[in-house]
Amino acid sequence: MSDSQVSAAVAKFYDTYPFPPEPILDEPPPGYNWRWNWLAAYNFCTGKKPQKQDVRILDAGCGSGVATEYLVHLNPHAQIVGIDLSAGTLEVAKKRCQSSGADRVEFHHLSIYDVEQIPGEFDLINCVGVLHHLPDPIRGIQALAKKLATDGLMHIFVYGELGRWEIQLMQKAIALLQGNITGDYHDGVQVGRKIFASLPENNRIVKREKERWALENQQDECFADMYVHPQETDYNIDTLFQLIDASGLEFIGFSNPGFWQLETLLAKAPELIERAGELSERERYRLIELLNPEVSHYEFFLGRPPITKTDWSDDNSLLGAIPELNPCIDGFPSQCLFNYDYQIVHLSPAEFEFMQKCNGSATLANILAQVDIDLNGVKDLLKQQLLLLTPSERV
């Protein structure tokens, strides 16, 4: 199929199965995704709080508006724009945002390829689960890169081939059985469900489905998106960085950094970790995914170079910084809370007292003079992304 035919098939697919299929609420959505919070995302990428909050945010390929709704509620000073190829799915997105009071958003029925039709630039571009469904992902990421403002961030999520190997097999099996009616997505779902119902319980594809996907795939929208989508590109580290390099943007880092730690895989072989120190960063990433082929997706941040990261290694600069709480923590004030990534954190009494005083007005030095915690303890809180820092004017 030509690019235009593929795009038409993708639009038809999402008109048939609007995605994601989360229920529409009459209140703000629960919880948070820190990657969609401008303050938390900027702090993660640069080590400091951004200077402005009245930013423009683009949800590129917004689908049914799940991320768009969060972007509005998590960024109260921002202007949000959502675009999508599917007119039917956009109607769901509009209804979702209207229902929850997410009224600072404008929607456009628009392909990512045509994003230049929207005037101005964006400080944050969110593109989750979209590029891998384009017939030409490189053209898509280049179109988005042109709309990224200086000092802006782009958050991307694309599929990984190693963790989706069984999915690929099922996709091909369904397509073979559908034959010349592969564009009938309802039929594709029926065929897929019959296959799963017929295969032996010890079948590798069945076991993988039960282990990873079965709960969400009870919904036809999710099952269809996984197994009968008309267009999908899956990546490995090598092809992922070909995509990134083509954008002309700088790779800032994966937004799930815990997965990309070689030490968690080779802790019993320090000599191999030492050997890996001779590898480039990309080679280390490739080694990690080869040793732990659970990579079903990549999520990462890009920015327009040069990206300036604040260096807090100088203690005097750190002491002069003004701390405040990361907006994406849950359960505070309490010594037991969830951090930005919804992991449980247990604070010591001193850490708890310190964080209670981090209100964005006093410097670290002033706060440390009042509580029983040292600078190393503060650095530990920073590593856990519990705090945002604003450099003092004299730094």
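The values are calculated or read from the model by the stated rules, or taken from the named source; none is laboratory data. Owing to the predicted nature of the structure, the values given are computational and were not obtained by experimental measurement. Cβ atoms come from the backbone with ideal geometry, glycine included; neighbour counts cover every protein chain shown. Keep in mind that these areas ignore ligands, DNA and RNA; they rest on the heavy atoms of the full protein, side chains included. Shrake-Rupley method; radii C 1.70, N 1.55, O 1.52, S 1.80 Å.
Worth pointing out:
- Looking only at segment 279-304, residues that are in a loop (DSSP other than H, G, I, E, B), open to solvent by 70 Å² or more (accessible area, probe 1.4 Å) and out of contact with any Leu (no Cβ under 6 Å at 6 or more places or on another chain) come to 1 in all.
- Applying the criterion of at least 1 residues that are touching a Ser or Thr at 6+ places or on another chain (Cβ under 8 Å) and not aromatic (Phe, Trp, Tyr) to the helices (runs of 4 or more DSSP H) found wholly in segment 147-234 leaves 165-178, 185-198, 220-227.
- The strands (runs of 3 or more DSSP E) falling completely within segment 1-118 that include 2 or more residues that are of a type in the set (D, E, K, R) and within 24 Å of GLU299 (Cβ to Cβ) map to 56-60.
- Any hit, segment 64-81, residues being hydrophobic (A, V, I, L, M, F, W, C), over 28 Å from LEU337 (Cα atoms) and open to solvent by less than 10 Å² (accessible area, probe 1.4 Å): yes
- In segment 266-278 there is no residue matching the filter, namely being open to solvent by 30 Å² or more (accessible area, probe 1.4 Å) and within 28 Å of LEU124 (Cα to Cα).
- Within segment 198-241, considering residues that are of a type in the set (Phe, Trp, Tyr) and more than 19 Å from the chain's Cα centre (by Cα), the one surrounded by the fewest Cβ atoms within 10 Å (Cβ to Cβ): PHE223
- If you go through segment 242-264 and keep only what is open to solvent by less than 30 Å² (accessible area, probe 1.4 Å), more than 15 Å from LEU131 (Cβ to Cβ) and in contact (Cβ under 8 Å) with a residue 40 or more places away in the chain, you end up with ILE252, GLY253, PHE254, SER255.
- Residue list for segment 122-176, restricted to those being of a type in the set (Lys, Arg) and farther than 22 Å from VAL72 by Cα: ARG139, LYS146, ARG164, LYS172
- Checking each residue of segment 262-283 against the condition of being within 23 Å of LEU386 (Cα to Cα) and touching an Asp or Glu at 6+ places or on another chain (Cβ under 9 Å) gives no match.
- Cβ separations smaller than 7 Å between residues 6+ apart or across chains give the following pairs from segment 317-337 residues that are over 15 Å from THR46 (Cα atoms) to residues that are among the basic types (Lys, Arg) and open to solvent by 10 Å² or more (accessible area, probe 1.4 Å): GLY320/ARG394.
- Residues (open to solvent by less than 90 Å² (accessible area, probe 1.4 Å) and free of Cβ contacts under 8 Å to residues at least 40 places away in the same chain) located in segment 350-368: ALA350, GLU351, PHE352, GLU353, PHE354, MET355, LYS357, CYS358, GLY360, SER361, ASN366
- Unmet criterion (only one of (1) in contact with a helix residue (DSSP H, G or I) (Cβ under 7 Å, 6 or more places away or on another chain); (2) touching a residue at least 24 places away in the same chain (Cβ under 8 Å)) for ASN217: (2)
- For segment 182-197, the set of residues classified as open to solvent by 40 Å² or more (accessible area, probe 1.4 Å) and in contact with a helix residue (DSSP H, G or I) (Cβ under 6 Å, 6 or more places away or on another chain) consists of THR182 only.
- Subset of segment 1-53 [over 18 Å from GLY188 (Cα atoms), open to solvent by less than 40 Å² (accessible area, probe 1.4 Å) and among the hydroxyl-bearing types (Ser, Thr, Tyr)]: SER7, TYR32, TYR42, THR46
- Residue match in segment 320-342 (condition: within 30 Å of ASP234 (Cα to Cα), open to solvent by 40 Å² or more (accessible area, probe 1.4 Å) and not hydrophobic (A, V, I, L, M, F, W, C)): yes
- Residue list for segment 126-148, restricted to those being of a type in the set (Gly, Ala, Ser) and open to solvent by 10 Å² or more (accessible area, probe 1.4 Å): GLY129, ALA143
- Close pairs from segment 221-234: first free of Cβ contacts under 8 Å to residues at least 40 places away in the same chain, partner crowded, with 18+ Cβ neighbours inside 10 Å, Cβ under 8 Å, at least 6 apart: PHE223/VAL189; PHE223/GLY192; PHE223/ASN217
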